[in-house]
Each structure stands twice: as C-alpha cells, then as structure tokens.
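S.K.: This is the structure, below, for whatever I ask next.
The values are calculated or read from the model by the stated rules, or taken from the named source; none is laboratory data. Because the structure is a prediction, the values reported are computed rather than measured. Backbone-built Cβ (ideal geometry, glycine too); neighbour counts: all protein chains shown.
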Amino acid sequence: MLGKEMLMHLERYVQEHLEMEAVVYKSAEPFIESEKYIVEEIQQGELEDFIKTHRKPTLNQVLFRFIDQAGARDSEVYKKAGIDRKHFSKIRTNPTYRPKKNTVIALALALELGFEDTEELLSAAGYSLSDSETYDLVIRFCLEKNIYDLYLVNQALDYFRLKPLI
C-alpha cells in the first residue's frame, strides 16, 4: 500500500508537471500543403525510400527484445502484466496488432522498464506519456520511483479517481 507521504509526493509531482506544461504550451500554426503540390513534388520511389530509412521497429520487435534482455519467459511477463495468454499471443504473432496503451504500460511495468525504455515501447505502439495528462503523470511518477507493482500503480491511479491499468 502506498503511504500517505508517497501519495502527497505523487500529488505534488502531478501538480508541478501540470503547471509547467501550462506555462510551456505554445500554439503553432500548422503548415498546410495542397494535395496536388505534394503529389507533383514526390519523385517515384522517394516516399518508399523515406519510409524505409525512417521506419522504427514494431511493437512486438521492441517488446520481445526487452523480454530477451530481461531473460524472462513470456508467461512470467504476461502474468505479471495481468494479460491473458491469448491476448499476449496476439501481440507476439501479429506484428501489425496495436494493443491499448494500458496494455503496453502494463507490459513495461511487468518488465520493470525505466522511463526511457517505457517511452520506446510506447512509441513502437504509437503512444507516448504526456506531461499534460494526470493519468500519464501518475504512470511516469511510478516509473521514476521504481514502483512496478500493478496493485500499487492502480492504487496511485485510484487516488486521482482514474481508471486502473488492467
């Protein structure tokens, strides 16, 4: 169970980050190109080359690299993350499958990844942790404090009346 002092520290952490985000936020005008111009300017194969050189590994590639680095068995990871075997198998066998953000976070916690590695895993699934969302700040706080137990993370989320991970 998270102690009163840790919950107060969590509350200060979230408040400070939300205030900092409000100060830093700047709006920018989006750059808009006409569809016709883009099509005319793209040389044959240029788009494919761009994608080939900029594509990052898929979620399952990143996830299973972390599992291998940890020397863990798949069953240990999905049980610790609170994910059933069938769902985990879908992540393993389908490289285009994109689980929910909560699932990816639960996997990161099960692997006891640090903040940077968690961001890499989330990014591979098309997600990130935002400094303007209380939910994400609670997750980030837990990562920074090495709180990986799902029960404790869910308790911290519940403190802010947020939906639990799994």
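S.K.: Assess whether Ala125 counts as being buried (at least 21 other Cβ atoms within 10 Å of the Cβ), in contact (Cβ under 8 Å) with a residue 40 or more places away in the chain and under 11 Å from Asn60 (Cα atoms).
M.R.: Yes; evaluated as a whole, the condition is true for this residue.
S.K.: Would you point out which residue out of Phe50, Phe66, Phe88 is aromatic (Phe, Trp, Tyr), more than 26 Å from Met6 (Cα to Cα) and surrounded by fewer than 18 Cβ atoms within 10 Å (Cβ to Cβ)?
M.R.: Checking each option against the conditions leaves just Phe50.
S.K.: Could I ask something else about it? Looking at the structure I just gave you, is Tyr78 modelled with pLDDT of 95 or more, outside any loop (DSSP other than H, G, I, E, B) and more than 30 Å from Gln15 (Cβ to Cβ)?
M.R.: Considered against the rule, which asks whether it is modelled with pLDDT of 95 or more, outside any loop (DSSP other than H, G, I, E, B) and more than 30 Å from Gln15 (Cβ to Cβ), Tyr78 comes out as yes.
S.K.: Here's another thing I want to ask about it. Name every residue in the stretch 102-119 that is buried (at least 16 other Cβ atoms within 10 Å of the Cβ), outside any loop (DSSP other than H, G, I, E, B) and within 12 Å of the chain's Cα centre (by Cα), in order of residue number.
M.R.: Those that are buried (at least 16 other Cβ atoms within 10 Å of the Cβ), outside any loop (DSSP other than H, G, I, E, B) and within 12 Å of the chain's Cα centre (by Cα): Asn102, Thr103, Val104, Ile105, Ala106, Leu107, Ala108, Leu109, Asp117, Thr118, Glu119.
S.K.: Checking Arg98 against (1) under 30 Å from Val153 (Cβ atoms); (2) at pLDDT below 90: exactly one of these is not met. Which one?
M.R.: Only one criterion is unmet by Arg98, namely (2).
S.K.: Next question. Please pick out the residue among Leu18, Leu10, Leu47, Leu122 that is at pLDDT below 95, in a helix (DSSP H, G or I) and in contact with a helix residue (DSSP H, G or I) (Cβ under 6 Å, 6 or more places away or on another chain).
M.R.: Leu10
S.K.: Can I ask one more? Is one or more of the residues making up the stretch 52-72 assigned to a helix (DSSP H, G or I), at pLDDT below 90, over 22 Å from the mean Cα position of the chain (by Cα) and under 25 Å from Leu122 (Cα atoms)?
M.R.: Yes, the stretch 52-72 contains a residue that is assigned to a helix (DSSP H, G or I), at pLDDT below 90, over 22 Å from the mean Cα position of the chain (by Cα) and under 25 Å from Leu122 (Cα atoms).
S.K.: State which residue is nearest to Pro164 (Cα to Cα) when the search covers only the stretch 101-145 and only residues that are in contact with a Phe, Trp or Tyr (Cβ under 8 Å, 6 or more places away or on another chain) and among the charged types (D, E, K, R).
M.R.: So the residue we want is Lys101.
S.K.: Could you grab the pairs with beta carbons closer than 9 Å, sequence gap of 6+ or different chains, first residue in the stretch 142-155 and touching a residue at least 60 places away in the same chain (Cβ under 8 Å) and closer than 16 Å to Gly114 by Cα, second one part of a helix (DSSP H, G or I) and of a type in the set (Lys, Arg)?
M.R.: Close Cβ pairs satisfying both conditions: Leu150/Lys80.
S.K.: Let me ask another. Looking at (1) of a type in the set (Gly, Ala, Ser); (2) part of a loop (DSSP other than H, G, I, E, B); (3) free of Cβ contacts under 8 Å to residues at least 24 places away in the same chain, find the lone condition where Ser89 falls short.
M.R.: (2)
S.K.: Pull up the stretch 134-166, narrow it to residues that are of a type in the set (Asp, Glu) and within 15 Å of the chain's Cα centre (by Cα), then point me to the one that is surrounded by the most Cβ atoms within 10 Å (Cβ to Cβ).
M.R.: Asp136
S.K.: Out of Leu109, Leu143, Leu137, which single residue is of a type in the set (A, V, I, L, M) and more than 23 Å from Gly71 (Cβ to Cβ)?
M.R.: Leu137
S.K.: Pro99 is checked against (1) within 17 Å of Phe88 (Cα to Cα); (2) part of a helix (DSSP H, G or I) and fails just one. What number does that condition carry?
M.R.: (2)
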